[in-house]
Amino acid sequence: MNLLEILREEITKLNITDKLEVARYIYIRTGELFEYDPLWNFGTFEEKLEVKNKNIDINNVTDFEIICFSWAKMYNELLHKFGIVSKVVYTEKSRYDEISKRIYKTINHAYVEVFINGKIYRADITATFNDLISIKFGYATRYNCQSARRYNEGEYKYDGIIYDNSQELNSEKLVKDMREILNSIKINSKVTQEEYIYQVCKLIEQKIDFSKKVGFVIGKVYIDALLNIFVQVDYGYEVINFIDKSKDVFISVYQISLKDTTKYFSYERTNLGFYKFLEISKEKVNYYNKEYSKKQIDNKKCSRKVAEKILKRVN
């Protein structure tokens, strides 16, 4: 896919001429087209290094999986093609090595600074997964050319202004509707915590559309964020991830132990190519245990951050 040519055609057709709006449009479109690379969570050291150093050819895109580093380089290049001044910014994290007794600094994140009309804007589509989730499910983005102002030499403070998007109200209504249904269940039924969690999962299965190019990581973080919103506890269900990297298989199974039985939901790729959250049988879980390796991933911290931001929008 020639991404650059497609963006040029779309921006021309939409008659977007303001540079800031061009930058924001490109940001949204890349968020719609690309998925977060699960190898960044589940890969070996060598695989992660390859993912970190990946370069995407904007004239011939064949790989639609990104992390902060590959997206920042791609977005920066796209902006330059549209005559917008920008640069990739790399952040460092200090790590203490017990053996050498030394502190090492490693690059742990990348985003883009955009310079328009003497102002600085921050573009950071992977920050806490917030904006990738927002774009996939129709919320307003937070880091889409977020305005910045200098507060110290070489340092900037970013404003908390969010960039709106036309689907936001529909998504807010969906979350509110789900909350009303669940509140009704709590009030009108004597359900246990586990039974309530099962009803939450059934609503996610019925109400949330994962058919867009959401991918494994973003879909899973969004599910966990919704569970944080509606359940707001750290117990009541267990999560097992089944992986077969050679076959590009990534499956997350949620296990809920009820009084007389155990229920299972999985987030997995369908035969149509997109991911779906659905209730599955014990036999299918047994098959996954036999065929795939099991991995652990903790997205609770990121999920809670995303959940808190969603809560602020719909309360």
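The values are calculated or read from the model by the stated rules, or taken from the named source; none is laboratory data. Just so we're clear, the structure is a prediction, and the values are computed from it rather than from any experiment. Cβ atoms come from the backbone with ideal geometry, glycine included; neighbour counts cover every protein chain shown. Note: areas computed on protein heavy atoms with side chains; ligands, DNA, RNA excluded. Shrake-Rupley method; radii C 1.70, N 1.55, O 1.52, S 1.80 Å.
Quick look at the numbers
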{"item": "Check on ASN60, exposed (fewer than 12 other Cβ atoms within 10 Å of the Cβ), free of Cβ contacts under 8 Å to residues at least 40 places away in the same chain and in a loop (DSSP other than H, G, I, E, B)", "result": "no"}
{"item": "Tally, over the stretch 1-40, of residues that are within 23 Å of the chain's Cα centre (by Cα) and not in a loop (DSSP other than H, G, I, E, B)", "result": "19"}
{"item": "Subset of the stretch 271-290 [among the acidic types (Asp, Glu) and part of a helix (DSSP H, G or I)]", "result": "GLU283"}
{"item": "LEU4 open to solvent by less than 20 Å² (accessible area, probe 1.4 Å) and either over 21 Å from LYS220 (Cβ atoms) or not hydroxyl-bearing (Ser, Thr, Tyr) (or both)", "result": "yes"}
{"item": "Single residue of the stretch 136-152 satisfying the filter (basic (Lys, Arg) and surrounded by 18 or more Cβ atoms within 10 Å (Cβ to Cβ)) that is modelled with the lowest pLDDT", "result": "ARG142"}
{"item": "Qualifying residue in the stretch 93-108 (condition: within 28 Å of THR12 (Cβ to Cβ), over 17 Å from the mean Cα position of the chain (by Cα) and acidic (Asp, Glu))", "result": "no"}
{"item": "Residue, farthest from PHE34 (Cα to Cα), within the stretch 116-135, restricted to residues that are open to solvent by 10 Å² or more (accessible area, probe 1.4 Å) and under 8 Å from the mean Cα position of the chain (by Cα)", "result": "THR128"}
{"item": "In the stretch 267-283, the residues that are at pLDDT 95 or above, closer than 21 Å to ASP224 by Cβ and either surrounded by fewer than 15 Cβ atoms within 10 Å (Cβ to Cβ) or over 16 Å from the mean Cα position of the chain (by Cα) (or both)", "result": "LEU278, GLU279, ILE280"}
{"item": "Total residues in the stretch 63-85, condition open to solvent by 60 Å² or more (accessible area, probe 1.4 Å) and closer than 10 Å to LEU4 by Cβ", "result": "2"}
{"item": "From LYS54, LYS48, residue being open to solvent by 20 Å² or more (accessible area, probe 1.4 Å) and part of a loop (DSSP other than H, G, I, E, B)", "result": "LYS54"}
{"item": "Every residue from the stretch 284-315 that is of a type outside the set (S, T, N, Q), modelled with pLDDT of 70 or more and more than 14 Å from the chain's Cα centre (by Cα)", "result": "LYS284, VAL285, TYR287, TYR288, LYS290, GLU291, TYR292, LYS294, LYS295, GLU308"}
{"item": "Output for the stretch 215-270, where each listed residue is part of a loop (DSSP other than H, G, I, E, B), under 17 Å from GLU194 (Cβ atoms) and either without any contact (Cβ under 8 Å) to a residue 60 or more places away in the chain or not basic (Lys, Arg) (or both)", "result": "VAL231, GLN232, VAL233, ASP234, TYR235, GLY236, TYR237, LEU258, ASP260, THR261"}
{"item": "For LYS290: the one exception among (1) open to solvent by 50 Å² or more (accessible area, probe 1.4 Å); (2) within 20 Å of ASP37 (Cβ to Cβ); (3) of a type outside the set (A, V, I, L, M, F, W, C); (4) free of Cβ contacts under 8 Å to residues at least 24 places away in the same chain", "result": "(2)"}
